[in-house]
Structures are given as structure tokens and as C-alpha cells.
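Single-structure report; data block below.
The values are calculated or read from the model by the stated rules, or taken from the named source; none is laboratory data. This one's a predicted model, so the numbers in the text were calculated from it and none came from an experiment. Quick reminder, even Gly has a Cβ in these numbers, built from the backbone with ideal geometry, and neighbours come from all protein chains shown. Accessible surface is based on the protein model in full, side chains and every heavy atom, while ligands, DNA and RNA are left aside. Shrake-Rupley method; radii C 1.70, N 1.55, O 1.52, S 1.80 Å.
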Amino acid sequence: MKLSKRLKAIYDLVDEGAVVGDIGCDHALLSCALMLNGKAKKVYACDINEEPLKQARKSIEYYKLEDQIDVIHCAGLDKLPKDVDTIVIAGMGYETIRMILDHHPEKIKHYKRIIIQSNRDVESIRKYISEHRYHIQEEVCVFDLHYYQIIVFDCSEDEKLTKKEILFGRRMKKDNVFMQMWFANYRKYEAILKKLPKSNENYASLKEVMDLIEEEIEV
Ligand SMILES: C[S@@+](CC[C@H](N)C(=O)[O-])C[C@H]1O[C@@H](n2cnc3c(N)ncnc32)[C@H](O)[C@@H]1O
């Protein structure tokens with residue numbers, strides 16, 4: 001099975017032998033890949049909506065993985081069994097991700113790896129992690145028509161993130177994709193700033209972000 005670059009990057013962040021909760025599994029392609037290649041020990045494919053779960057069941061039947069993947073119809077982590085050690089919450093917005101995590105503050109403490117890929121507002125995800133003093137283990141950027149950032153964290157105690165770390169990550173792999181993403185952002189902000197009067201309320205904050213990007217990469 002060929003995963004998209006985004007899903008492959010998430011797949012790569014799952015530990016060998018993990019028991020995974022794929023939250024908001026949709027088509028369950030990630031769940032299937034994790035079991036097909038023997039990477040995960042067990043996967044629970046969960047979704048709040050029945051329609052995606054129909055797709056999930058089809059994928060699971062197609063790959064003959066009915067004995068290895070349990071499909072669960074539930075919101076967030078509500079019905080996730082206790083043996084799960086890794087959760088993936090991918091392809092959703094910040095608000096939904098926050099709601100899912102906030103709903104089970106005790107449950108998430110036990111997970112070894114919480115793998116998050118928010119489609120928007122990655123900075124808000126980092127602020128959330130920082131406010132809770134959670135620990136970021138790993139971060140990667142991937143380009144798959146859009147730039148995506150994936151964050152792996154756990155609930156052990158860590159220092160709050162600095163302003164720069166909120167923007168660029170604390171443990172981000174600073175590879176070519178990372179550089180290209182920030183170069184593209186810089187050019188976008190530069191074009192916006194040119195049209196913005198200095199008196200505009202957003203001018204100073206945008207200029208500050210651009211200054212931080214200049215410190216971080218060569219623009
Ligand atoms: C865009 S899809 C992402 C699918 C897959 N995770 C991926 O990254 O390709 C989002 C899925 O999340 C599900 N979803 C949204 N809110 C949810 C929640 N609170 N709990 C569980 N699933 C949810 C939707 O039904 C949808 O199938």
C-alpha cells in the first residue's frame with residue numbers, strides 16, 4: 001500500500017510494536033498500513049461519524065485485517081481501550097484536537113506517544129503543549145501539496161516553550177522541507193507587509209515574526 005507523504009511521515013513516527021488508537025481514522029489507511037507491515041501490535045480505528053467508518057471497514061476488509069484492527073464508533077478517546085500506548089490525531093483542526101485532548105486529561109497521561117498533525121494553527125498546538133508543560137519528543141515537516149507539521153509529545157513535565165519555539169518547534173527536524181516552508185512563509189508575509197500601513201494593528205507582530213524567521217533561516 002502506498003501512503004501519501006503526510007500519512008507516511010505519521011506512520012514513521014509510530015514505534016515498532018505500538019498499540020495505536022487512530023483517532024478520526026476516516027478511511028483507516030494509516031491503521032491498515034500499520035498492521036499490514038507489522039509495525040503496530042494492534043490498532044483501534046476510531047471515528048465519530050458512521051460514514052467514514054463504512055470506508056474504514058471497507059479498507060480493513062480489502063486488506064483482510066478484520067482480526068487485527070478493531071473499529072470503534074466514538075468521539076475522540078471516549079471508548080479507547082486501556083492497552084493503547086500511542087494515539088494519532090491527524091487531519092483535523094486545532095479546536096477539535098484540543099477538545100479531544102481536554103476531554104480525557106487523565107487518559108492521555110498514560111500514552112507513550114501522542115502524535116498530532118493539525119491542518120491549521122500549529123502554533124496553537126504548541127502553545128497548548130507549553131501551557132500544560134508537556135514534553136515534545138519529536139517534530140517533523142512534510143510537503144504534500146501543502147506544508148504539514150507533525151508533533152509527537154507525552155505528558156511528562158517539561159519547560160514552557162519560548163516564543164521562538166512556539167513558532168519553529170523545540171525538537172523540529174530542521175531539514176530542507178523546514179527551510180523551504182519558512183522561506184515560503186517569509187515571502188508571503190513580506191508581500192502582506194508591503195501593503196500594510198505601519199499604523200495597522202497587525203504590522204508590528206508580523207514584522208516581529210519576519211525578524212524571527214530571519215534569525216532562524218537564510219532568507
Ligand atoms: C479529514 S479526516 C482525517 C483522516 C485521517 N486521520 C488522516 O489524517 O488522513 C478527519 C476525520 O476525523 C473525524 N472526526 C472529527 N472529529 C472527531 C472526533 N471528535 N472524534 C473522532 N473523530 C473525529 C471525522 O469524522 C473525519 O473522518
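Rundown of residues vs (1) among the charged types (D, E, K, R); (2) farther than 15 Å from residue 182 by Cα, yes/no style:
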| position | (1), (2) |
| --- | --- |
| 107 | yes, yes |
| 110 | no, yes |
| 135 | no, yes |
| 146 | no, no |
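Might you let me know whether segment 115-122 holds any residue that is in contact with a Phe, Trp or Tyr (Cβ under 7 Å, 6 or more places away or on another chain), away from the ligand (no atom under 16 Å from the Cβ) and polar (S, T, N, Q)? Within segment 115-122, not a single residue is in contact with a Phe, Trp or Tyr (Cβ under 7 Å, 6 or more places away or on another chain), away from the ligand (no atom under 16 Å from the Cβ) and polar (S, T, N, Q).
Quickly run through segment 20-39 and pick out the residues that are within 15 Å of the ligand (Cβ to nearest atom) and either surrounded by fewer than 18 Cβ atoms within 10 Å (Cβ to Cβ) or not in a helix (DSSP H, G or I) (or both). Matches in segment 20-39: 20, 21, 22, 23, 24, 25, 26, 27, 28. Among the residues of segment 163-174, those identified as in a helix (DSSP H, G or I) and either open to solvent by 60 Å² or more (accessible area, probe 1.4 Å) or charged (D, E, K, R) (or both) are 163, 164, 165. Evaluation of residue 48 against the conditions (1) surrounded by fewer than 16 Cβ atoms within 10 Å (Cβ to Cβ); (2) under 15 Å from the mean Cα position of the chain (by Cα); (3) among the hydrophobic types (A, V, I, L, M, F, W, C) shows that the sole unmet condition is (2).
Residue by residue, here is whether (1) among the β-branched types (Val, Ile, Thr); (2) in contact (Cβ under 8 Å) with a residue 24 or more places away in the chain; (3) surrounded by 13 or more Cβ atoms within 10 Å (Cβ to Cβ) holds:
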{"site": "131", "(1), (2), (3)": "no, yes, no"}
{"site": "149", "(1), (2), (3)": "no, yes, yes"}
{"site": "155", "(1), (2), (3)": "no, yes, yes"}
{"site": "161", "(1), (2), (3)": "no, yes, yes"}
{"site": "176", "(1), (2), (3)": "no, no, no"}
{"site": "179", "(1), (2), (3)": "no, yes, yes"}
{"site": "185", "(1), (2), (3)": "no, yes, yes"}
{"site": "201", "(1), (2), (3)": "no, no, no"}
{"site": "205", "(1), (2), (3)": "no, no, no"}
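Annotation: of all residues in segment 9-19 being within 12 Å of the ligand (Cβ to nearest atom) and touching a residue at least 40 places away in the same chain (Cβ under 8 Å), the one that is most open to solvent (accessible area, probe 1.4 Å) is 9. Only one entry of 70, 78 meets the criterion of being open to solvent by less than 80 Å² (accessible area, probe 1.4 Å), within 11 Å of the ligand (Cβ to nearest atom) and closer than 26 Å to residue 99 by Cα, and that entry is 78.
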